[in-house]
1. Please state which of the following conditions residue 99 fails to meet, knowing it meets all the rest: (1) surrounded by 19 or more Cβ atoms within 10 Å (Cβ to Cβ); (2) within 12 Å of the ligand (Cβ to nearest atom).
2. Restricting the search to the stretch 125-151, which residues are closer than 26 Å to residue 33 by Cβ, among the aliphatic types (A, V, I, L, M) and out of contact with any helix residue (DSSP H, G or I) (no Cβ under 6 Å at 6 or more places or on another chain)?
3. Restricting to the stretch 97-108, what's the tally of residues that are free of Cβ contacts under 8 Å to residues at least 40 places away in the same chain and either closer than 21 Å to residue 62 by Cβ or part of a loop (DSSP other than H, G, I, E, B) (or both)?
4. Would it be correct to say that residue 125 is assigned to a strand (DSSP E or B) and within 16 Å of the ligand (Cβ to nearest atom)?
5. Which ones in the stretch 106-117 are within 10 Å of the ligand (Cβ to nearest atom) and surrounded by 15 or more Cβ atoms within 10 Å (Cβ to Cβ)?
Amino acid sequence: MANTVYVLNGPNLNLLGTREPQTYGRATLADVEKLCRNAAARHRLKLKFDQSNHEGAIVDLIQEAGAGKAAGIVINAGAYTHTSIAIRDAVAAVAVPVIEVHISNVFARESFRHHSHIAPVAKASLCGFGIAGYALAIEGLAGLIDARPKG
Ligand code: DQA
């Protein structure tokens, strides 16, 4: 578990591929998972990949990662990014580095997407790279893990 990166996806990300392709592209969530598995394997990290449309289920997964001392969490909380204090509190509660990812450039979109409850408690955030952002987040996380003092 200590070697495991959790990649967590929030509501409507199960619809990637058909959902607003002009904004999110044509790649599916299965394509995202493949990308993440390759990125994790490059760094000898195990991967747990999940998606839920339910706020509490995402909170449970964050807590699970914390309890298992996971190596890190990459989270695209979807619209919950902008609304969920419960997910923000779960991120703040766990001693695991959390990287926030968004496929689209949320700052170039509607103003309600400009605020993230997660960003202030995340280790880092990135957006606007399309699904490549997930792999970049895993790369960044691997760098943080390597840079951690050993022992
Ligand atoms: C998103 C951006 C959010 O504003 C939106 O609600 C999503 C997807 C992204 O990946 O760009 O569901 O997180």
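1. Checking residue 99 against (1) surrounded by 19 or more Cβ atoms within 10 Å (Cβ to Cβ); (2) within 12 Å of the ligand (Cβ to nearest atom), the one that fails is (2).
2. Those that are closer than 26 Å to residue 33 by Cβ, among the aliphatic types (A, V, I, L, M) and out of contact with any helix residue (DSSP H, G or I) (no Cβ under 6 Å at 6 or more places or on another chain): 132, 136, 137, 141, 142, 144, 145.
3. Qualifying residue count, the stretch 97-108: 6.
4. yes
5. 106, 113, 116
Laboratory data are not the source of any read-out in this text; all were calculated from the coordinates shown. These figures come from a predicted structure and were not determined experimentally. Cβ coordinates were reconstructed from backbone atoms using ideal geometry, including for glycine residues, and neighbour counts include every protein chain displayed.
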